1. Given springs between every Cα pair under 10 Å in a Gaussian network model of chain B, which of B:ASN121, B:ASN188, B:ASN353 has the largest fluctuation?
2. Return the unpartnered cysteines for the protein assembly as shown, using a Cβ-Cβ cut-off of under 4.7 Å.
3. When a/c is below 1.5 the answer is rounded, else prolate if a/b is larger than b/c, else oblate, so apply that to the stretch B:1-134 with a ≥ b ≥ c taken from the square roots of the Cα gyration tensor eigenvalues.
4. Mind ranking A:HIS257, A:HIS242, B:HIS84 by accessible surface for me, highest first, 1.4 Å probe?
5. Kirkwood hydrodynamic radius, computed over distinct alpha-carbon pairs, for the protein assembly as shown: how many Å, to one decimal?
6. Non-local amide H neighbours of B:SER387 (under 5 Å, H modeled in plane, Pro and chain starts lacking H): which ones?
7. From the Cα gyration tensor of the stretch B:158-272, with a ≥ b ≥ c the square roots of its eigenvalues, which class applies: rounded if a/c is under 1.5, or else prolate if a/b is larger than b/c, or else oblate?
8. Give the percent of DSSP beta bridges with both residues in the protein assembly as shown that are antiparallel, rounded to the nearest 5.
Amino acid sequence: MSEPDPAADASASTEGGPSLDGRLQSFVGLSTGPTHRAPDPVNLPMIRHWIEAMGDRNPVYVDEEAARAAGFAGIIAPPTMLQAWIMRGLRTSQEADEARARGVETPGSPNDQLMAVLDEAGFTSVVATNCDQHYERPLVPGDRLEATSTIDAVSGEKKTGLGVGHFITTRLEFTDQDDQVVATMLFRILKFRPRPPAGSREAAAAPGTQSTLQAPPAERPKRPRPALTQDNSFFFEGARQHKLLIQRCAECGTLRHPPRPSCANCRSFDWDTVTASGRGTIYSYVVNHYPQVPAFDYPLVVALVELEEGTRLVANVSGITPDTVAIGTAVQVGFEAFDDVLTLPVFRPVVASAASGDASGETRKS
Amino acid sequence: MSDARHSFTGNTAIVGIGATEFSKESGRSELRLAVEAVDLALRDAGIEPGEVDGMVTFSSDTNPEIEIARSLGMGELTFFSRIHYGGGAGCATIQQAAMAVQSGVADVVVCYRAFNERSGNRFGAGVQNRPPAPNAETANFAWYAPFGLLTPAQWVAMAAQRYLHVTGATSEDLGRVAVADRKHAATNPKAWFYEKPITLEEHQASRWIVEPLHLLDCCQETDGGQALVVTSLERARDLPGTPVVIEAAAQGAGPGQEMMTSYYYDDLCGLGEMASVARQLWQTSGLSPADIQTAVLYDHFTPYVLYQLEELGFCGKGEAKDFVKDGNIELGGGLPINTHGGQLGEAYLHGMNGIAEGVRQVRGSSVNQVPDVHHALVTAGTGVPTSGLILGVDR
């Protein structure tokens, strides 16, 4: 069987073998490995450690009387502690990792094989995404648990904020000393192809392209262009000349932004512009986290600035962080050329001296 | 404008509702979703496709009326109309249908909306790929997209930040809307988040999408279709089902109205479009907020639910943060809202699934039925020119 080509489209068949999706789906329903047996029965000391670490003050986990008052027969284990009872411990995990690092071959479980298939296809990173637990009954001291796990689902290729990848859902079934099911758990991870940092050479190569090494040095993706009409292009032309222009009715002098063909005040179609002082205050703002578009850095502060002339406009603010941005902050305009054609106003907080009356119009240097 | 009475109020009715399942990947064409929804709505109404002579949808819908007509064997159409401004069109589809019926232009009008909004073109992905062909609508994005303000969540968040600042409402107050929606979805088997309620703590812990909005302040994205059938009340009384009377229907755009970015007029703490709709709904129906037993308030993002409670007069300006406390907007509260789970909990069907829930509440057939519903209020998309409805029982 041929090796899968990591650069190939993950959904396409590799020559001489089944498609990646076909191989992934063949794992669904398989056991992930041997049964997990709890090394110790459910016990009060471990419950104490857990609630201490979690800061959970619910008395039903440690106080018999409180537990009975709440309708239980006695103390119960915190439900979300479920998986803790079957954890194999740090040393066992480390030994397995070290053995793998030394190249010691162990018979791979279906789970190991599934991970290997995804690693080969370039989905080398992993992150746990979510976990659903369903409880049949509360666990009580003395319960001895076992858990079997099966591969419940493998998704098709998904685009995520972290990169392209496949979600893998594992289903664990917990049974007690009487072989009764006490809980089930769905645990989902994302195996993904790590996204190179924005602006890097790798980032320029679209997913599925054959070569990253020969690609020319990537330019940063451009910001979205404004659609320019006869009504609004003056503003962007002004920005290129480092002027913040406001449309003004030539008849009655009313300022307006965003620009319009005519004055709502006097119905005149004649207009000119005035150059704003560039001073204003943050009237409102947002901090963008998702989705992340490659042209921008995140978290991205976008503000609605009220100019001292009275109009408002949306623009970015630099020299400010998501923690320091605030409504009412005094700002002063500057300009930044983002590419050959697009220059935009970018506001900065006014330094203290300027805020206290120095109307020099200088922007803060940082 | 004349608000005394709209001639269709009290004389027209919704007689059928139908929807596909709500999913993240329908696996079918948008047209097929639309046809399935219309087919189900007509079966629900007990009306044959050949009797349909009018159709209304959103201008953003991709499914032409004639495609649906051919698919279901409808005959001649005498009325077809499309409404603009995204989710603001929802309740206006019913209004236009009612106007057509009342004026005699059509007898039976189907309103529909269907899309693969999750598996196909996702609105939440933003407008960064919008080709800047210069016209008044694309030029509007010139004031936002180059600065990275690209998505509906971001556009709403800008107003919401100011609202929180001015009114003293907090992210937790927004969260109470999400908790109520998800509580209702948890008991609605058609809801995507069936049996998945959330706590306020989970709302607070969910990641930022755009501050001040957490993930759980944002509606889901959905594949699906929803249709409704409108005819005269007289005809409705001869049909097998319970007529749901259109007691008021209105469209509204506010002063200084922009498309999701009305940032330049007033204080960012109101919705001019909903103020217009509210005034018309109350004046033309003769009802007041106290007459409403349950409401479906458009919930693409939680903040505008608070705004709507204020604009509709369910509470005073700046008081929504108190109104939503203590389960008041949940089943059993003073005004249960979004009993289907809303667009956060059931499905994002551009608000059309909310009209269907209003119909079920008046029929008495909701899975989360509010007792003794005489009048249910439904709104359409906010932040854009919008619409609203009051539905009531036939007396």
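1. Highest fluctuation among the options: B:ASN121.
2. A:CYS131, B:CYS91, B:CYS111, B:CYS218, B:CYS219, B:CYS269, B:CYS315
3. It is oblate, given that a/c is not under 1.5 and a/b is not larger than b/c.
4. The ordering from most to least exposed comes out as A:HIS242, B:HIS84, A:HIS257.
5. Working: mean 1/r = 0.0342 Å⁻¹.
Taking every pair of different Cα atoms in the protein assembly as shown, averaging 1/r and inverting gives 29.2 Å.
6. Under 5 Å from the amide H of B:SER387: B:CYS91, B:GLY252, B:ALA380, B:GLY381.
7. Details: a/c = 2.70, a/b = 1.35, b/c = 2.00.
It is oblate, given that a/c is not under 1.5 and a/b is not larger than b/c.
8. Beta bridges within the protein assembly as shown, antiparallel portion: roughly 90 percent.
The values are calculated or read from the model by the stated rules, or taken from the named source; none is laboratory data. The structure displayed is predicted, hence computed values, not measured ones. Positions of Cβ are backbone-derived with ideal geometry, glycine not excepted, and every protein chain shown enters the neighbour counts. Only protein heavy atoms, including side chains, enter the accessible area calculation; ligands, DNA and RNA are left aside. Shrake-Rupley method; radii C 1.70, N 1.55, O 1.52, S 1.80 Å.
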